[in-house]
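Everything below concerns the one structure shown next.
The values are calculated or read from the model by the stated rules, or taken from the named source; none is laboratory data. Please read these numbers as outputs of a predicted model, since none were measured by experiment. Reconstructed Cβ throughout: ideal geometry from the backbone, glycine too, with neighbour counts over all protein chains shown. Accessible surface areas use protein heavy atoms only, side chains included; no ligands, DNA or RNA. Shrake-Rupley method; radii C 1.70, N 1.55, O 1.52, S 1.80 Å.
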Amino acid sequence: MSEEQFRGALARLAAGVVLVTAHDEEDGPRGAPAGMTATAFLSVSLDPPLVLVSVRTGSRMDEVLERQPLWAASLLAEGHRSIAGRFAMKGRLSDRLLFQEVPHVLGEHTGAPLIKGALATVECRTEQRVPAGDHTLVIARVLAAELPSVEGGPLLYYRAGYRRLG
């Protein structure tokens, strides 16, 4: 099987889009927000409440989450396509500048940015990191979950593009 066949097959699996965020205490004198668009995010367990996110090993977010156990995920709504695209770009502007243009609040439990208008947000504490090929699986306990009243459906990723239901 070629890498192209593998990518093509899994591109046919629709996935929800989340923005994974953390407060990077080592970025500047007061720290700075860090963020990454992810589609490999899922529930692992109800008791205890655990989630998993897959991050590319050696990426900036992998390095941040290795030293910062507190982080969050905002489940993006269909209107968040531009936010997802900005935080998925390679060679992008600094996260500090990106977050200046993105409406957010800081999580009470993690200090991580939570995107306003998200379908839901979860604040997490890493419990385990598992190497898996060229990625790291970060398994975390959910410390808090918020379910704001938001119109519309989820932002999905399917066949290499952002989509909406319906």
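Filter segment 128-166 down to the residues that are among the charged types (D, E, K, R) and either open to solvent by less than 30 Å² (accessible area, probe 1.4 Å) or within 15 Å of LEU42 (Cβ to Cβ) (or both) and list them by number.
ARG141
Mind listing whichever residues of segment 95-137 are assigned to a strand (DSSP E or B), more than 20 Å from ALA84 (Cβ to Cβ) and polar (S, T, N, Q)?
THR126, GLN128, THR136
Condition test on ALA112, is it open to solvent by less than 80 Å² (accessible area, probe 1.4 Å) and within 30 Å of PHE6 (Cα to Cα)? Walk me through how you get there before you give the answer.
Values: open to solvent by less than 80 Å² (accessible area, probe 1.4 Å): yes; within 30 Å of PHE6 (Cα to Cα): no.
Here the answer is no, as ALA112 does not meet what is asked.
Of the conditions (1) farther than 19 Å from LEU137 by Cα; (2) open to solvent by 70 Å² or more (accessible area, probe 1.4 Å); (3) touching a residue at least 60 places away in the same chain (Cβ under 8 Å), MET89 fails just one. Which one is it?
Every condition holds for MET89 apart from (3).
Name the residues in segment 103-155 that are at pLDDT below 95 and either β-branched (Val, Ile, Thr) or farther than 19 Å from GLU78 by Cα (or both), would you?
Correct list: VAL150 only.
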